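The numbers here are math on the coordinates, done by the rules we state, and not lab data. Everything numeric here is computed off the predicted structure, so don't read it as measured data. Note that we place each Cβ from the backbone using ideal geometry, even for glycine, and neighbour counts take in every protein chain shown.
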């Protein structure tokens, strides 16, 4: 059998190794200049919106919700078509998660459903840029009209644009993930992006145990030069210099990564255009996605059969995602299936095909041939 073909994989070059080695030879392994450099490099992709580097995409969500100040009695309207962390981190802050359905074509949060799910207790609307397609811009006004903040979970979409605005510039808070299968990697890592100085300060402090070093804000500023205070609890979510150096190196190739992902995406779409048993991904007008996934829709209840067929040939397709409220942790809290019909229908059909920058044309053709053979085409 041919070598296994994963659905996602990091792309590591010699310059990445050199960047990491340079930090290892330096005096700073963490909380040093490579962190500041990576955050500045990220801001070049977000329209200048400042970034706070953290240890994972999940940490980024936890930090973002902390910056927003959510807690017991608050509600977070959330897309269910996401990895569980988008909802779980809100619940860990004590907020009630209210799931709103998604658009049937893109699997992004549906604006009308989000508006209907809001209440006077809604503090955050959490959208997800599913597969790398930016969520609707109208969600910003919908959130603000209800007195809430918009959080964009952009774990899939760094480098994407909507109406010529970069991802990272369209929400009150945006979070990124740099897991190895994502559009760039720091091995593990993430970031929170916000243009609001108050939210930025809160995010930076929560990332670092809640420590307050600004003497003008300290209660005991004359204690000594060593003095630091905690006014609100935080955690250690600091991303070390070693991994930030890798991230800065990766960002220099992000445009090339995006181009290659788009090429693969287009090849798949063209190859499956005549297959009656599938639906290919939709790109809405004005959107310039940074494709992280190729979410093929498999019709007539054949998703599991195609999944098994491809896996048996070493093509390691994946399914993204089980609706978040189907997880037992939410079911045990009273969430029931049937809550978001579009999300459940999308999940029942979704199959993520291999998509990563180092996937060559022969690999793409291998996937295409296997899918077409399954349908007898």
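Computed from the mean reciprocal separation of all distinct C-alpha pairs, what Kirkwood hydrodynamic radius does the chain have, in Å? Kirkwood hydrodynamic radius for the chain: 21.4 Å.
Orientation-averaged projection of the range 254-375 equals 9.1 nm² [convex hull of Cα atoms, one quarter of hull surface area]. One Cα centroid belongs to the range 209-256, the other to the range 164-180; the line between them spans 20 Å. Among 122, 82, 31, the largest mean-square fluctuation in a Gaussian network model of the chain, built with springs joining Cα atoms closer than 10 Å, belongs to 31.
Annotation: the residues 11, 177, sorted from fewest to most other C-beta atoms within 10 Å of their own C-beta, follow the order 11, 177. The C-alpha atoms of the chain define a longest principal axis, and helix 303-312 lies at about 90 degrees to it. Once Rg and the Kirkwood radius are both taken over the C-alpha atoms of the range 322-370, their ratio Rg/Rh works out to 1.24. The relative contact order of the range 77-200 comes to 17 percent, based on Cα pairs under 8 Å that sit 6 or more residues apart. Once the Cβ-Cβ distance of residue 302 and residue 2 is raised to the sixth power relative to R0 = 22 Å, the FRET efficiency obtained is 0.40.
Ellipsoid semi-axes for the range 37-110, based on the Cα gyration tensor and the rule √(5λ), read 24, 18, 10 Å when sorted largest first.
Helix 197-207 versus the longest principal axis of the chain: what angle, 0 to 90°, nearest 10, using Cα atoms? Relative to the chain, helix 197-207 is tipped by roughly 90 degrees. Taking 348, 53, 127 in turn, the Gaussian network model of the chain (Cα-Cα springs below 10 Å) assigns the largest fluctuation to 348. Bridge orientation summary for the range 1-137: considering DSSP beta bridges with both residues in this region, about 10 percent are antiparallel.
Can you tell me what percent of all Cα-Cα pairs in the range 110-214 are more than 23 Å apart?
So the pairs more than 23 Å apart make up 33 percent of the total in the range 110-214.
Have a look at the DSSP beta bridges in the range 14-247 and tell me what percent are antiparallel, nearest 5. Antiparallel bridges: around 50 percent, rounded to the nearest 5.
What is the Rg over Rh value, at two decimals, for the range 1-79, using alpha-carbon atoms and the Kirkwood definition of Rh?
Values: Rg = 18.0 Å, Rh = 16.4 Å.
For the range 1-79, the value is 1.10.
Ordering of 56-62, 3-9 by packing is 56-62, 3-9, highest average first (other Cβ atoms within 10 Å, averaged per residue). Computed over the range 110-154, the quotient of the alpha carbon radius of gyration and 2.2 N^0.38 Å is 1.06.
The alpha-carbon atoms of the range 148-282, seen along their principal axes, cover 73, 36, 26 angstrom, with the largest extent given first.
Taking the average, over residues, of other Cβ atoms within 10 Å as the packing measure, peptides 150-161, 258-269, 107-118, 196-207 rank 150-161, 107-118, 196-207, 258-269 from highest down.
Relative to the longest principal axis of the Cα atoms of the chain, helix 241-251 runs at roughly 50 degrees.
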